[in-house]
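The values are calculated or read from the model by the stated rules, or taken from the named source; none is laboratory data. Small disclaimer: the values here were computed from a predicted structure and weren't measured. Neighbour counts are summed over all protein chains in view; Cβ atoms, including those assigned to glycine, are modelled from backbone coordinates with ideal geometry.
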Amino acid sequence: MLKNKKIILGVSGSIAAYKAVFLLRLLKKAGAEVKVVTTPSVSHFVGNLTFSSLSGQEVFEGLWNENWSEHVSLGTWADLMVVAPATANTMAKMAHGLCDNALTAVFLAARCPVMIAPAMDADMMIHPRTRKNLEILSGDGHIVLPTGEGFLASGLHGPGRLLEPEEIMERIELFFSAGPLKGKKLMITAGPTREAIDPVRYISNHSSGKMGYAIAEEAANLGAEVTLISGPTNLTPPANVHFVPVISSEEMFLATQKVASEQDIMIMAAAVSDYTPAEVATQKIKKKSDNMAIELKKTTDILKSVGQNKRPDQVLVGFALETEHEKDNAKKKLLGKNLDFIVLNSLRDKGAGFSHDTNKVTIMDREGRVQDFPLKSKQLVAKDILDKVISLLEKTIKTHETSL
C-alpha cells in the first residue's frame, strides 16, 4: 500500500522523538520513500545520523545551510507529511503560520495533506490554548491524531502520550487505502443548537453529538472527505475531518448552505432547535414576577432547504427522533423533505437516543423498505448507515451507466 509513496516525516523536539525512529523503520519497510525534517531541538534527543542512515536521505534541519530552499521542493514532492511527534510549541507555530525553522517552513510550503501526532505533558495537552490550536489545525483540514493516555516523562498520568509507531502506521495506511468512499465528499451535521434568550440563557436539547461524530469518523475511515458541522458538544472532533463549529440554528443553516452544493453525501444528524426567541435580550433578564412569557418564532428548516436543492446524484439522509407514531411521522419527514432515507430512533427504546453510547434504529427509504436493527454501539450503527449510503451510490452509478 505504501510502496513508492513519498512521505515527509517531520520530527519536533520531544522526549518521544525516539518513536519517530521506529516509525521511520516501519515506513521504509513498507516501501515508502521518506525524507526527514527536524526542528533544531531534535538533536538533543536523536541525532541526524540515525535518521539519515535509516532513510537513506540527508536530513533537512535548517534554513541557513546550503540547501536552505529545500522546503520549496519538499512542499511539492510529498504525497503526505507526517509530524510525529508534534510538540505544543510546534503545533502553535503551525496553527498560526509562524515560520522560523525547517519543519514549519516545509509545513507552510506543503501542497500535500498533513497528519499531526501530538506529544506533550498532560497539563500542556489540556491547556485551553493547546486545545484551541488543535481545533484550528483540524478546522483547516489537517489530520490531527489523538494522543494516548498513561504515565508521562514528567511523572504525571494523563493525556499527551504520542501514539505508538504501529498505531501511527495504521493511520497512514488508512489514509492511503482506497476505501469505498474514496473521492467522495460528505457533509454531516451533529449535536444540538443553542438559541439565545439573553447573554446568560438559551434554549437547547439533550443531544450529545455522539451519533454524528461516530458517522463522521467512520466515513473518514472509509476514505470520504468529511465536513463535520457541529453544535456545542463535549466531544473531540475525529481525525481527518474538516471541523466547522457552530452554535445557533442560523449559524448551522449558513454553514450547510456554504458547502452543500459541493457534496456527494449529506447526512443531517444534528438536533436542530425548531424555535428560537423572537427577540434576544441584550442584558440578563431579571426575575420580576412568578411568570414570564417568551415569544418564539420558527427557525429555518435546514433539512427541508437542503432537500429542495438536492441534485439527483446526491444522497441525502435525515434523522427522526420520535415519541409516538414513530414510523408514520418518520415517513412523512422522509417524503416531505426529499430524503433518500431516514434513520429513526425512538425514546421508548432503552439505551437509544440522546447521550447513550448505543443506539437502536430503523432505516426507511423512498422505495418503502423498512429495516429494523437491534441495539448496537453508535460506531456499529454508523457502519450500518454508511453501508446503506454506499449501496445507494452504487445504484446511482449503475443507473447512470445504463442510461448511457
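What the table below lists for this structure:
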{"item": "All strands (runs of 3 or more DSSP E) inside segment 259-354 with 2 or more residues being closer than 23 Å to A196 by Cβ and in the same structural domain as V389 (by TED's automatic domain parsing)", "result": "275-277, 296-298"}
{"item": "Matching entry among L74, L26, L49 (being under 23 Å from L145 (Cβ atoms), of a type in the set (A, V, I, L, M) and modelled with pLDDT of 90 or more)", "result": "L26"}
{"item": "Among the candidates T104, T147, residue that is of a type in the set (S, T, Y) and touching a strand residue (DSSP E or B) at 6+ places or on another chain (Cβ under 8 Å)", "result": "T147"}
{"item": "Unmet criterion (only one of (1) surrounded by fewer than 23 Cβ atoms within 10 Å (Cβ to Cβ); (2) touching a residue at least 12 places away in the same chain (Cβ under 8 Å); (3) not polar (S, T, N, Q)) for G155", "result": "(2)"}
{"item": "Qualifying residue in segment 62-82 (condition: on the phi > 0 side of the Ramachandran plot and in contact with a helix residue (DSSP H, G or I) (Cβ under 7 Å, 6 or more places away or on another chain))", "result": "no"}
{"item": "In segment 214-261, residue surrounded by the most Cβ atoms within 10 Å (Cβ to Cβ) [restricted to those that are among the charged types (D, E, K, R) and under 22 Å from Q314 (Cα atoms)]", "result": "E218"}
{"item": "Flag if L228 is assigned to a loop (DSSP other than H, G, I, E, B), on the phi < 0 side of the Ramachandran plot and under 25 Å from the mean Cα position of the chain (by Cα)", "result": "no"}
{"item": "Matching option when the condition is outside any helix (DSSP H, G or I) and surrounded by 21 or more Cβ atoms within 10 Å (Cβ to Cβ), among V36, V106", "result": "V36"}
{"item": "Residue count, segment 145-160 (criterion: modelled with pLDDT under 85 and over 30 Å from G353 (Cβ atoms))", "result": "11"}
{"item": "Failed item in (1) under 17 Å from A190 (Cβ atoms); (2) surrounded by fewer than 20 Cβ atoms within 10 Å (Cβ to Cβ), with P277 passing the rest", "result": "(1)"}
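This table checks each residue for (1) surrounded by 20 or more Cβ atoms within 10 Å (Cβ to Cβ); (2) part of a helix (DSSP H, G or I).
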{"residue": "M94", "(1), (2)": "yes, yes"}
{"residue": "D100", "(1), (2)": "no, no"}
{"residue": "M120", "(1), (2)": "yes, no"}
{"residue": "R129", "(1), (2)": "no, yes"}
